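Have a look at the structure below before the remarks.
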Amino acid sequence: MGVEKILEYQSLDSELFKIEKQLRENKNKKLANEMHENMKNAQTRSLKLEEKAGGLIAEIDKVKKHFKIQEEKMNEFLSKDLEKLSKEEVDKLTILSEKLAQNLVILDKNLTALAESVNVVLSDFNKTIKEFNASKEQFTICKEEYDNEVKTVEKEKNNLILKLKDLSKNIDSKIMEAYIKRRKENIFPVLVPLKGNSCGGCHMELPYATISVLNNDGILTCEHCHRIIYKK
């Protein structure tokens, strides 16, 4: 089987492969993707912080209600005329007042701790928003630079694609199909020559029986790297 046409196709395709690789490994593209990931992470973190802050605020409201109830009970106690009460009633009220005072101290501590937690969450939230905005700004710059770089090679890339399309019309459909399949898997070059008794791609030595098939059919697929081997 003649491989001249498919080799001509591959020679032209190598130019397209270089452009695609250049764009795929472009530093601005990689950085833009990294910044986009940072934005997503910051957004997820900010939502969790919002949820946490909401829970803390709800807890503060609950403590405030308890505080108000205890405060009302304390005011009710203070409004009583102790001179009109028996010793037993005074003792009970004294015990109650001590408990109320203890409850108020505990609730006050709880409120202080919750307020501190809210401040920590708000600080973390503000930091997260700053990280998001910084990543967004960097993402916009990198994406713009990458898009400009894509535009500079777009015409050349499109011309190569058109030329390759025309060339493919004169190539055996089976070998063209095999070529495209491997090309999509980023195997390049797809066609490699036999070098001695080894694959010209991965350099693995081929069994004698395999080389016999190559001699008969003109091409074969390497069992190791899946490239198409041809004999010069």
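Report yes if Asn38 is on the phi < 0 side of the Ramachandran plot, in contact (Cβ under 8 Å) with a residue 24 or more places away in the chain and of a type in the set (S, T, N, Q), otherwise no.
yes
Taken over the stretch 1-44, the criterion of being among the basic types (Lys, Arg) and either in contact with a Lys or Arg (Cβ under 8 Å, 6 or more places away or on another chain) or buried (at least 17 other Cβ atoms within 10 Å of the Cβ) (or both) is satisfied by Lys29 alone. Within the stretch 50-79, residues that are under 10 Å from Leu100 (Cβ atoms) sit with their Cβ atoms under 6 Å from residues that are among the polar types (S, T, N, Q), at 6+ positions apart or across chains, in these pairs: Gln70/Asn103; Phe77/Ser97. A residue that is in contact with a Lys or Arg (Cβ under 8 Å, 6 or more places away or on another chain) and not basic (Lys, Arg) can be found somewhere in the stretch 205-217. Can you tell me how many residues within the stretch 123-172 are out of contact with any Lys or Arg (no Cβ under 7 Å at 6 or more places or on another chain), more than 21 Å from Lys5 (Cα to Cα) and not charged (D, E, K, R)? Within the stretch 123-172, residues that are out of contact with any Lys or Arg (no Cβ under 7 Å at 6 or more places or on another chain), more than 21 Å from Lys5 (Cα to Cα) and not charged (D, E, K, R) number 17.
Checked against the criterion of being aliphatic (A, V, I, L, M), in contact (Cβ under 8 Å) with a residue 12 or more places away in the chain and either closer than 30 Å to Glu50 by Cβ or out of contact with any strand residue (DSSP E or B) (no Cβ under 7 Å at 6 or more places or on another chain) (or both), the candidates Ile219, Ile171 yield just one match: Ile171.
Quick one: in the stretch 82-127, which of the residues that are charged (D, E, K, R) and touching a helix residue (DSSP H, G or I) at 6+ places or on another chain (Cβ under 8 Å) is surrounded by the fewest Cβ atoms within 10 Å (Cβ to Cβ)? So the residue we want is Asp108. Counting the residues of the stretch 204-223 that are among the acidic types (Asp, Glu) and not in a helix (DSSP H, G or I) gives 2.
Looking only at the stretch 16-30, residues that are without any contact (Cβ under 8 Å) to a residue 12 or more places away in the chain and part of a loop (DSSP other than H, G, I, E, B) come to 1 in all.
Any read-out appearing in this document is the output of simple, stated calculations on the displayed coordinates, not a laboratory observation. The structure displayed is predicted, hence computed values, not measured ones. Quick reminder, even Gly has a Cβ in these numbers, built from the backbone with ideal geometry, and neighbours come from all protein chains shown.
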